[in-house]
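So the structure is just underneath, and the comments pick up after that.
The values are calculated or read from the model by the stated rules, or taken from the named source; none is laboratory data. These numbers come from a predicted model, not from an experiment. Here the Cβ is made from the backbone with ideal geometry for all residues, glycine too, and neighbour counts use every protein chain on show. In case anyone asks, the SASA skips ligands and DNA or RNA and just uses the protein heavy atoms, side chains included. Shrake-Rupley method; radii C 1.70, N 1.55, O 1.52, S 1.80 Å.
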Amino acid sequence: MQRTEDIVELNAITAEAVVLPVATNAGICLDVMRLDKIDAVISGNKWFKLRYYLNEVISLRRKTLLSFGGAYSNHIVAVAAAASRLGLASVGYIRGEKPAALSPTLRDAEEMGMLLHFLNRKEFQRTEDAAFLKELAKHHQDACIIPAGGAGPAGIRGAASIAQYIDMQKYTHVCCAMGTGTMANGLLSATSQGQKICAFPVLKGFENWQPAATASDVPGTLQIISGFEFGGYAKHPDRLLQFMNEWYTNTGIPSDFVYTGKLFYGITETIKAGRFPGGSRILAIHSGGLQGNRSLGKDQLIF
Ligand SMILES: *Cc1c(COP(=O)(O)O)cnc(C)c1O
């Protein structure tokens, strides 16, 4: 059996300086931490959020990974790939009725051995209920059940470990996309004094969100910068796709319309609006996961 650390290429992580005239003019440095480079499938933050769950499955000698997600979920396909590489079985509970044709993401997951079950939207909501999870555990006694998106305390601890792969102290601001908030929570717990985590939600509903750690527990602070949701989860008007193409032309960095496209757009606009002080040293986390782009037509993105 492989070690959890050996199923991806952690040495491939880099921090790349991005040359962006709006940033330079404002006296701001912007680096991108390329977590997307660790693997094409167990990409970006997904491996980090999974790592301690994977260690747990191995140490408990369980045989199956079980988790939840949508038809284009970066998390689901990452779970399938991690299981396959570690010699484990995997089960995915997928949101929505079984479609006539599987999405490319689900096809890949199935090819890697994942057993797919489909739950309609109402049933899927129950996957967060304790009673439902208890029932599920009874049916899958040799499985470790991983919350959707790799959330939960083990996911937060895993996301915090992102900071061990970079000199995070160099930066005044660390920017990340926000889906469940697990990555933002993890990064916040890894901050140093005075450092700010800027989390850009990719869906609405974070108005009253509270981080897992209380302010007195962590040295840094969390700021939620909303307004770049583009209408909601996975919504992708032309303006966003256009920006992603421009960003790729200018930086050579690919992004996806669900997460990092909105993040890079949000950072650019926030710099333009003068909301980062001059002299800021910003680290943007490229959290990987380009699955959503596979739902687009062929000519919509240039990468
Ligand atoms: C899942 C995912 C996120 C969201 O992370 P959370 O911890 O759920 O906030 C961000 N970026 C990418 C590329 C993802 O796949």
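Values for this structure:
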| quantity | calculated |
| --- | --- |
| Residue list for the range 223-240, given a label point 7 angstrom along the Cα-to-Cβ vector of residue 296 and an amide N cut-off under 17 Å | 229-240 |
| Of the DSSP H helices in the chain, those whose Cα atoms cover at least 15 Å axially and whose Kyte score averages -0.5 or more | 74-86, 260-272 |
| By average C-beta atoms within 10 angstrom, highest first, the peptides 61-74, 122-135 | 61-74, 122-135 |
| Å² of accessible area per residue within the range 24-176, as computed with a 1.4 Å probe and no ligands counted | 45 Å² |
| Cut-off under 5 Å, modelled amide H: who pairs with residue 174 long-range | 196, 197, 198, 283 |
| Pair residue 223, residue 16: separation of 7 Å Cα→Cβ label points (nm) | 2.6 nm |
| Simple Cβ-charge dipole of the chain, Lys/Arg +1 and Asp/Glu -1, about Cα centre, in debye nearest 20 | 340 debye |
| Accessible surface of the chain [probe 1.4 Å, protein heavy atoms]: carbon and sulfur percent | 49 percent |
| Peptides 232-239, 267-274 ordered by average Cβ neighbours within 10 Å, highest first | 267-274, 232-239 |
| Neighbourhood net charge (11 Å Cβ-Cβ; Lys/Arg +1, Asp/Glu -1) for residue 200 | -1 |
| Cross-link reach list, lysines versus residue 204, counting only Cα pairs under 18 Å and skipping chain neighbours closer than eight places | 235, 262 |
| Peptides 208-215, 79-86, 6-13 ordered by average Cβ neighbours within 10 Å, highest first | 79-86, 6-13, 208-215 |
| Value of [θ]222 nm, deg cm²/dmol, for the chain, DSSP H segments ≥ 4, -39500 (n - 2.57) each, nearest 500 | -9500 deg cm²/dmol |
| Partners for residue 37 among aspartates and glutamates (Cα-Cα distance below 17 Å; same-chain residues under 8 apart left out) | 5, 6, 9, 16, 256 |
| Long-range HN-HN contacts of residue 91 with modeled amide H, under 5 Å | 65, 66, 67, 115 |
| Amide H contacts of residue 224 (H built 1.01 Å from N, under 5 Å, at least 5 apart or other chain) | 199 |
| Rounded accessible area per residue of the range 224-303, 1.4 Å, Å² | 43 Å² |
| Pairwise centroid distance, computed over Cα atoms, of the range 200-244 with the range 73-139, Å | 26 Å |
| Contact order relative to length of the chain, as percent, for alpha carbon pairs under 8 angstrom and 6 or more apart | 23 percent |
| Karplus 3J(HN,Hα) series, Hz, for the range 298-303 with 6.51 cos²θ - 1.76 cosθ + 1.60 (x for Gly, Pro) | 4, 9, 6, 10, 8, 10 |
| Reachable aspartates and glutamates from residue 272, criterion Cα separation under 18 angstrom, eight or more residues apart if same chain | 31, 229, 246 |
